[in-house]
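Chemist: I am attaching a structure below and will ask some questions about it afterwards.
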Amino acid sequence: MLQLEVPLETAATAAAVASSGTNSTKTQIEDTEKSVYRPLIVLNPAPAPEGGIPRSFAGIVDLVTPNETECRILAVAARKSRSEATAGRESTAEDASEGTVKASSVEEDARTVLETTGVGAIVVTLGASGCLVGVRG
């Protein structure tokens, strides 16, 4: 389990080392031809980086566990990044809605985090209200 109270580079390096399978806690991931073992990598994005989850975590982090506020910060960063990526091409009506930061629900924020970060699943902690779980695919 990783958290972001250490420098992002340190957490990213730890995730990369863990994903290489050198940890003794392992989870099985099915491959079409054989079974491959590697550790389950969980990221608690606290404190949430204003720039969102770095791309270096994509495809490495299996589960991200933000609280509602952190999820919102990550989603806003992802929407901003997506908006900036579309700036170099002809704008569409969809782009216009993407470029504005509008009120969104925790479900929409969680979906945005899943769609843009490359993590496998998200569990948004909601205090006394429980949690929200989302899985890629």
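Taken together, the values in this text are just the output of simple stated rules run on the coordinates, not laboratory data. Computed from a predicted structure; not experimentally measured. Glycine also receives a Cβ, built like all others from the backbone with ideal geometry; neighbour counts cover every protein chain displayed.
Chemist: Exposure proxy check: 71, 131 ranked by fewest other beta carbons within 10 Å?
Modeler: Numbers: 71 27, 131 13.
Exposure proxy ranking, most exposed first: 131, 71.
Chemist: Using mean Cβ contacts within 10 Å as the protection proxy, how do 60-69, 43-52, 6-15 order, highest first?
Modeler: Numbers: 60-69: 19.9, 43-52: 17.4, 6-15: 14.4.
The peptides rank, most packed first, as 60-69, 43-52, 6-15.
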